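Participant: The structure follows.
The values are calculated or read from the model by the stated rules, or taken from the named source; none is laboratory data. As the structure is a prediction and not an experimental result, all values here were calculated from the model. Cβ atoms come from the backbone with ideal geometry, glycine included; neighbour counts cover every protein chain shown.
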Amino acid sequence: MRIKICPRHQRSQNSENIAEFMTSHESHRTRRQTWHTEDLHMFINKKVLSDKYVSKAAIRILTLATALLGVDASAGDDMPNACPIDGCVVKIVAVAQAGDELELTFDANFTPDVTKNHFHVWWGEQYTVKQVGRNAKSTHGVEQGRWHRHDDYPKYVTKNAASTGMRDGASTLCVTAADRGHNVLDAALYQCVDVSSYLN
């Protein structure tokens with residue numbers, strides 16, 4: 001059975017009540033769980049409270065989902081996708097041969113997701129960090145280069161623009177963090193390593 005929320009002030013009050021609940025719920029969770037609550041909160045505001053009809057079942061399901069997300073997040077070992085206060089940092093900590101390609105092992109302070117914050121890998125002799133994002137021209141005033149975007153973690157095998165077949169004599173692989181729009185998040189946060197000893 002669906003209930004109609006007619007008075008505008010009542011809808012506003014419902015929104016405030018749920019937002020207050022979410023804020024309270026968030027305060028009791030660890031930092032690595034934050035993104036789960038933010039995503040659910042956004043869904044509630046945009047998909048539920050914006051509608052003039054709210055079902056009792058929907059409210060119950062959303063409340064239960066919030067509680068379950070808290071349990072799941074606390075039980076998992078994954079870091080959030082959101083950047084910490086010091087920025088999204090990723091480093092190459094190991095290199096190995098993988099047939100004709102290279103296998104890189106990353107260490108990052110966030111969990112990559114190619115639809116959100118993720119990694120860009122490229123050959124360092126070909127482009128600078130400022131060139132390996134869609135904001136190359138708009139933010140840094142440089143020509144946009146080529147890179148491979150991905151969220152493989154912690155191990156990644158070079159491919160596409162980062163493939164050994166695309167290196168054209170280059171021997172340095174680099175990595176930086178990018179956002180969902182494939183813009184480099186911070187041109188000061190990147191790492192390059194000499195992989196010449198692993199090339200065939």
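Participant: When residues of the stretch 106-152 are filtered for being more than 18 Å from the chain's Cα centre (by Cα) and either not assigned by TED's automatic domain parsing to the domain that holds Asp186 or not in a loop (DSSP other than H, G, I, E, B) (or both), how many remain?
Facilitator: Looking only at that region, the number is 10.
Participant: Are any residues in the stretch 159-169 more than 16 Å from Ala96 (Cα to Cα) and surrounded by 18 or more Cβ atoms within 10 Å (Cβ to Cβ), and if so, which ones?
Facilitator: Ala161, Arg167
Participant: Right, something else. Can you tell me which residue in the stretch 153-171 is nearest to Asn183 (Cα to Cα), limited to those that are touching a Phe, Trp or Tyr at 6+ places or on another chain (Cβ under 8 Å) and part of a loop (DSSP other than H, G, I, E, B)?
Facilitator: First, pick out the residues of the stretch 153-171 that are touching a Phe, Trp or Tyr at 6+ places or on another chain (Cβ under 8 Å): 153-156, 161-162, 166-168, 170.
Adding the requirement that they be part of a loop (DSSP other than H, G, I, E, B) leaves 153-154, 167-168, 170.
Details: Tyr153: 19, Pro154: 21, Arg167: 22, Asp168: 25, Ala170: 23 Å.
Per the criteria, the residue is Tyr153.
Participant: Still on this structure, please answer the following. So which residues in the stretch 145-158 are surrounded by fewer than 16 Cβ atoms within 10 Å (Cβ to Cβ) and not hydrophobic (A, V, I, L, M, F, W, C)?
Facilitator: The answer is Arg146, Asp151, Pro154, Lys155.
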